[in-house]
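For reference, the structure discussed in these notes is given below.
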Amino acid sequence: MSDARPTSDPVRGASIIAAVKSAGVGTVITVPDITTSDGLLRPISNDANLRHINVCKEDECIGISAGLSFAGERALILIQNTGFLDSINAIRAVGVEYEIPICLMVGLLGKQAGEAPSEARNYGVRIVEPILDAMGIPRALIETEEDVALIAPAIEAAYKTSRPTALLIGQSPEAE
Amino acid sequence: MMKRNECLEILADQLSDDTVVVAVYTTAFDWIKLRPSPLNYIFTGAMDLASSHALGLAIGMPDRRVVVLDGDGSLLMNMGSLVTIAGQAPKNLIHFVAENGTYEANGGHAIPGAGNADFAGFARAAGYASASEFSELDDFQNSLSSLLQAEGPVFAALKIEPGPPPEMDYRMMHGAQIRDDFRAALK
């Protein structure tokens, strides 16, 4: 059965950022992602209340986030689905097997409006959810303003249980 | 060329007790025998991530010195981390790389370009505050105090003789206890 999502009430970048901050995240670790570039990365990089760490390759994010978590700080990793795919071994070892809270926000490059990620025509999008499911990583799809309510609880749960979580961004958040 | 354990003994002698040490695989197993401490962070997961874990720790704990005991094979897998670390410029980070030209934990095979790559040069070019290399134990011993007091990020490549790997207790390395002990030691 298709899990097609409505394309009305598009999510605003400012709403996502507010939700992330409300969950106690003080650092965002990034490699630019086309889907979230204008709506999220640009305002995050200009936000005086967020520490922004830009890295060369996505798996660095996993190690840095782990180090921060031991230091008592919460971080969000903002990357593209292609970068998620490139980081799977690091997520497997550090997040899943070492049970460290790794919070991923993943832009789904190439996902079409109204498509469910698992039914996307784009292969790199279509395999993201099955991979997360195989790894036992909880996930939520963020596309509308209503979906924003899922963000803070997901991050809180990740830090409470010391496990990874994934927030998938299916459409470009609106920029201010 | 130096022996890794001789370098580690000198380092263990000069590090303060509150220093966090991130160490990879074979170096980690040698290190924890020389300086047993709950502040040894040897659970990097993927073999290339020591420098990245260390950056997170250094940024999150700016008043505590963080030392990385990296391997040349490990660092080759995460070369971009040199640029990332230099860009973040943590003053409290010291990055040592044991250069023995081999993947000691994986059968002792040569790393790519063994003997050609200039790791200190890489760090210097990436923008580390300082980068040096040591082939003689006396030089390393005489320079270490200055390295440990310098404003980071500091990089030091240690030219090490290849040798047989130490006894490796992966069950301990991957177990939850040492992570719990590390968290408790930071409180």
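Coordinate-derived values only; no laboratory data. Please read these numbers as outputs of a predicted model, since none were measured by experiment. Cβ placement follows ideal geometry from the backbone for every residue including glycine, while neighbour counts extend to all protein chains displayed.
Can you pull out every residue in segment B:18-36 that is out of contact with any Leu (no Cβ under 8 Å at 6 or more places or on another chain) and part of a loop (DSSP other than H, G, I, E, B)? Across segment B:18-36, the qualifying residue is only B:Pro36.
From the list A:Leu85, A:Leu41, exactly one residue is under 15 Å from the mean Cα position of the chain (by Cα), in a helix (DSSP H, G or I) and surrounded by fewer than 17 Cβ atoms within 10 Å (Cβ to Cβ). Which is it? Walk me through it before giving the result.
On the way: A:Leu41 fails: surrounded by fewer than 17 Cβ atoms within 10 Å (Cβ to Cβ).
Only one candidate passes the filter, namely A:Leu85.
Among the residues of segment B:104-121, is any farther than 22 Å from B:Arg4 by Cα and either in contact with an Asp or Glu (Cβ under 6 Å, 6 or more places away or on another chain) or among the small types (Gly, Ala, Ser) (or both)? Within segment B:104-121, none of the residues are farther than 22 Å from B:Arg4 by Cα and either in contact with an Asp or Glu (Cβ under 6 Å, 6 or more places away or on another chain) or among the small types (Gly, Ala, Ser) (or both).
Consider segment B:82-99. How many of its residues are away from chain A (no Cβ under 12 Å), out of contact with any Leu (no Cβ under 6 Å at 6 or more places or on another chain) and buried (at least 24 other Cβ atoms within 10 Å of the Cβ)? Before the answer, list the steps.
Within segment B:82-99, the first condition is being away from chain A (no Cβ under 12 Å), and the residues that meet it are B:91, B:94-99.
Restricting the remaining residues to those that are out of contact with any Leu (no Cβ under 6 Å at 6 or more places or on another chain) gives B:91, B:94-95, B:99.
Checking which are buried (at least 24 other Cβ atoms within 10 Å of the Cβ) leaves us with B:94-95, B:99.
Matching residues across segment B:82-99 total 3.
Here A:Lys111 fulfils each of the conditions (1) within 16 Å of the chain's Cα centre (by Cα); (2) within 14 Å of another protein chain (Cβ to nearest Cβ); (3) not in a helix (DSSP H, G or I) apart from (2). Taking the criterion of being buried (at least 17 other Cβ atoms within 10 Å of the Cβ), within 17 Å of the chain's Cα centre (by Cα), farther than 12 Å from B:Leu82 by Cα and in contact (Cβ under 8 Å) with a residue 40 or more places away in the chain, the only residue of segment B:116-138 that qualifies is B:Phe134.
Considering only residues that are polar (S, T, N, Q) and within 14 Å of chain B (Cβ to nearest Cβ), look in segment A:44-56 and name the one that is surrounded by the fewest Cβ atoms within 10 Å (Cβ to Cβ). Step through it out loud before you land on a result.
Kept after step one, since they are polar (S, T, N, Q), are these residues of segment A:44-56: A:45-46, A:49, A:54.
Within this subset, residues satisfying the condition of being within 14 Å of chain B (Cβ to nearest Cβ) are A:45, A:54.
Working: A:Ser45: 13, A:Asn54: 17.
So, considering only residues that are polar (S, T, N, Q) and within 14 Å of chain B (Cβ to nearest Cβ), the one surrounded by the fewest Cβ atoms within 10 Å (Cβ to Cβ) is A:Ser45.
B:Leu57 fulfils the conditions (1) crowded, with 24+ Cβ neighbours inside 10 Å; (2) more than 11 Å from the chain's Cα centre (by Cα); (3) over 24 Å from B:Asp181 (Cβ atoms) except for a single criterion, (3).
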